[in-house]
Amino acid sequence: MTEASRIRNNSVFSFLSISSRLVANVVVFWIIARVYGPELFGQFTFAQTLATIFILFADFGFDILLTNEIARDRDKAKALFQQFFSLKLIFSLVALIGMWVFALVNEISFQSRILIFIFSFYMIFTVLTNFMFALYKGFERLEYETKVSMVINVGLLAITLVLVLFKSSVTSLAIAFVVTRLLGFIISLKYSYQVLKNISFRFFYGDLSKIKGKIFVYGFHLVFSYLFFQLDTILLALLKGNYEVGIYQAVFKLILVPLVIPDIFINTLMPVLARMNVQNPEHWKKIGELMNKLLFIIVLPTSIILFSFSEQIINFIYGSNKYVEAIPILRIFSVILFVRFNLETYALMLTTSDRQKIRLYGVLVTTIINFILNYFMIKKYGILGAAFVSLATNTILGLIYIYTTRPLFFKWMVNIKIIIAILFALCIGYAFMLWSTFSILFAVPIIFSCYALFAYFYFFSSEDIKLILSEKIKLFSIKLNI
């Protein structure tokens, strides 16, 4: 199998894994928001967000580090897995206790406290399953992640629909999250033996002095990067209340849908780029450039649609005037989405060229700025203030990544094609803003068709098109036997 063919096949597997998780979560959270209302939705998402933060601590960068280190030297895979797994178990137990302490010492509602206790077990099983996924990625065997993800997410969606049909409590829905994650972890253990034949789960710490520097860099970067994304939700809960959290998260969950696209690229290309940076630096740059082009041309029409049709989107998805305050928030997040797509490639190039320290310093600075600005802006402006702070700090973080990879940025982004693509987007967006009554159902295919033609006939070079389309992906040959 050629390099290009392997990348495309793994892209399909990554798409299936991430999109199944995203679709399941979006549908589940949409059901909770619509059926249970902003108050209960706020309690549920607060507990789940808190679990996500503790997942970061339990992970502490071990997943990304394991993937990168195995991709660079697969002969050391067994020792690397044992060493990182032993450390991860300790971090996971500390995170579990930390969630329990948080639930007990903070003044929160009884319902929120119960949900936090339930989600603490969701956190443990998620952390362990994700570590198995990191092993698969290191060997570029993403089909196993797809199989496990399908079981978890299809199972979660099916159980949720049944529970809602019988009008179960949100506590029961939280338990469903735990049960499906436990099942996924059990299945992931089975596949780990197929990926690494001599895998061992015995405790092994080895010489920690050789890796502790990388562990701290990857770990603190992961913790602060997720804090960067979740601080607004936590501060909204503490300073304003569950209602504001519910409105804000209603938009945040929508934005997660298009964010599946850069996740697919990162999931697929991280081990490839880590290997290419060592073996073929020019190939490393070429793959990064193509990733950057694809993300740029995809996010332009997506941001246009979210900004221009925010009112129609909110009314269509949530179906009532309960979430009218989410409309301006969605417009701001459509711009944030554009920023996020355009910084992801530079961030990944830093990681795969062993310059993760720059990402750590960048996210540390912006997290501090995020906290300070959010503290004052949320108090004064509520969810609108939180959204503007998110836009400002994402932009600052993007500028840091771009500055530290500026030779790549000037080569990839400072050219006439990029300028024309942006002007084209602004014209389309302005036209649909003037024609506000135009239905989104007709606008979406029109906008994406225009950009597909623009990309094919003008934006991408013939070499780019050849790399993207030269070989067919045998999607229907994928077998999901368990």
- Note on the structure: For the stretch 98-147, listing GluC sites (Glu not before Pro) in a DSSP loop whose Cβ sees at most 15 other Cβ atoms within 10 Å gives E107
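At 1.306 mPa s and 10 °C, plugging the Kirkwood radius over alpha-carbon pairs of the stretch 381-437 into Stokes-Einstein gives what diffusion coefficient in µm²/s?
Details: Rh = 14.1 Å.
It comes out at roughly 112 µm²/s.
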- Report, in whole Å, the centroid distance computed from the Cα atoms of the stretch 19-55 and the stretch 414-440. 33 Å
- Message: Roughly how far apart, in whole Å, are the Cα centres of the stretch 266-298 and the stretch 103-161?
- Response: 29 Å
- Sequence order, the stretch 415-425: Karplus ³J(HN,Hα) from phi using 6.51 cos²θ - 1.76 cosθ + 1.60, θ = phi - 60°, Hz rounded, Gly and Pro as x, gives 7, 5, 5, 5, 4, 5, 4, 5, 4, 4, 5
- Cross-link reach from K285 to aspartates and glutamates, straight Cα distance under 17 Å and at least 8 residues apart if same chain, gives E3, E344, D354, E463, D464
- Query: For the chain, what is one quarter of the convex hull surface built on the Cα atoms, given in nm²?
  - Reply: 22.4 nm²
- More than 35 Å apart: what percent of Cα pairs in the stretch 235-473 qualify? 19 percent
- Provide, in order from the shortest bin, the percent of all Cα-Cα pairs of the stretch 109-224 in each 10 Å bin, continuing until the bin that contains the maximum pair distance. 12, 31, 33, 18, 5, 0
- Task: Provide the net charge surrounding T45, with neighbours chosen by a C-beta distance below 13 Å and charges set as Lys +1, Arg +1, Asp -1, Glu -1.
- Result: -2
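Only the coordinates and a few stated rules stand behind these numbers; no lab work does. Everything quoted here is computed from the prediction, not taken from an experiment. Cβ sites come from the backbone with ideal geometry, for glycine too, and all protein chains shown count toward neighbours.
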